[in-house]
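Asks: What follows is a structure written as structure tokens; I'll ask about it next.
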Amino acid sequence: MKSSSIGRKLVMSISGMFLIMFLTLHLAINFTAIISREAYERASHFMSENIFIKMMVPVLALGFIVHIAMGVILTIQNRKARPTDYTVKGKHPKVSWASKNMFALGIIILGLLIIHLNHFWAEIQLQEFLGNAKANPYDLVVATFSNWWNVSVYVIWILAIGFHVSHGFWSMFQSMGLNNDKWLPRLRTIAIIYSYVITTGYIIIPIYFFLGFGQA
Ligand code: HEM
């Protein structure tokens, strides 16, 4: 593999690591909605006031842009250079469904992320920025997930994220040079457990509210 390609994969991994950190923190915050309205409002308030979190948002946005741009470049590059694939073959020929569909999964995730930002970010942060009254985050969660169509779209979105992360998290270690026969299978297991936890955690939220367990 050319060194420029290895460099791009490394950039892909580092930006992916930022997104994984965000995904974990975002789940921890949003899962408090299951505990109570008060817990969620407190957590949301902390997120919107904390200076460290405020600084993290532009870094996160940059992480998304870099990750998407590199993903597109690497996919085009790999299509041209077939049969050599982006996924590392040879010593570990077991290629998962997710690893073969990372680009398609990425497109689904991006498309549905725009819908998600429109549901939440546009009603909270954007309104605040425009000097308008912002929506209450808990009321927004209740309203968004009272609709079966939204719940279905979120479940599909979260499953796509789960598959994408199950390969991406593991592949990240490989790109960072951790190519060790003992550790690679262990890291693969850790990546799969992590993606199950994230997927289950996120899916519980829309379903919980759709079933009417939320507080008025
Ligand atoms: C299903 C559970 C989810 C809920 C209830 C939820 C809720 C929210 C809320 C309330 C906001 C606005 C925060 C604010 O403006 O103060 C937000 C923003 C955002 N969400 Fe989610 N979210 C969920 C899942 C996800 C997932 C799976 C992703 C994965 C990419 C994601 C990505 C984002 C991004 C990038 C932002 C904008 C940055 C920010 O404001 O923190 N969300 N979400």
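Asks: Could you list Asp181, Asp139 in order of exposure, starting from the residue whose Cβ has the fewest other Cβ atoms within 10 Å?
Replies: On the way: Asp181 8, Asp139 14.
Ascending Cβ contact count within 10 Å gives the list Asp181, Asp139.
Asks: List the trypsin sites (Lys or Arg not before Pro) in segment 119-216 that DSSP assigns to loop (not H, G, I, E or B) and whose Cβ has at most 11 other Cβ atoms within 10 Å. Which are they?
Replies: Lys182
Asks: Also, quick follow-up: Based only on the alpha carbon positions, what is the Kirkwood hydrodynamic radius of the chain, in angstrom?
Replies: In the chain this quantity evaluates to 18.8 Å.
Asks: Against the longest alpha carbon principal axis of the chain, how many degrees, from 0 to 90 and to the nearest 10, is the axis of helix 148-175 turned?
Replies: Tilt of helix 148-175: around 40 degrees.
Asks: Enter the angle in degrees (range 0 to 90, nearest 10) between the Cα long axis of helix 3-35 and the first principal axis of the Cα atoms of the chain, meaning the one along which they spread out most.
Replies: The helix 3-35 is inclined about 30 degrees to the chain.
Asks: If you don't mind, another one. Put a dot 7 Å past each Cα toward the Cβ at Leu126 and Leu110; how far apart are the dots in nm?
Replies: 1.9 nm
Asks: Cα centroid distance between segment 90-162 and segment 1-76, in Å?
Replies: 13 Å
Asks: Oh, and also: Please compare each pair in Lys100/Lys182; Lys54/Lys134; Lys9/Lys134 to a cut-off of 29 Å on the Cα-Cα distance and tell me which ones are over it.
Replies: Too far apart for the 29 Å limit: Lys9/Lys134.
Asks: Going by C-beta contacts inside 10 Å, put Tyr202, Tyr208 in order with the fewest on the left. Before the final figure, lay out the partial values.
Replies: Details: Tyr202 21, Tyr208 16.
Going from least to most buried by this count: Tyr208, Tyr202.
Asks: How big is the charge dipole of segment 3-210 about its Cα centre, in debye rounded to the nearest 20, if each Lys and Arg gets +1 on its Cβ and each Asp and Glu gets -1 on its Cβ?
Replies: Dipole of segment 3-210, to the nearest 20 debye: 1180 debye.
Asks: While we're here: For the Cα atoms of the chain, what angle does the longest principal axis make with the long axis of helix 37-49, in degrees from 0 to 90, nearest 10?
Replies: The angle comes out near 60 degrees.
Asks: Here's another thing I want to ask about it. Can you work out the FRET efficiency for the pair Ser152 and Ala61, with r the C-beta to C-beta distance and R0 = 25 Å, to the nearest 0.05?
Replies: About 0.35, to the nearest 0.05.
Asks: Further question on the same structure: Go through 22-33, 151-162 and give me the packing order, highest mean Cβ count within 10 Å leading.
Replies: 151-162, 22-33
Asks: What is the list of residues in segment 3-22 whose amide nitrogen lies under 15 Å from a point 7 angstrom out from the Cα of Phe103, following Cα to Cβ?
Replies: none
Just so you know, all these numbers are worked out from the coordinates, no wet-lab data involved. Nothing here was measured: the structure is a model prediction, and the numbers come from that model. Glycine gets a Cβ as well: all are built from the backbone with ideal geometry, and neighbour counts include every protein chain shown.
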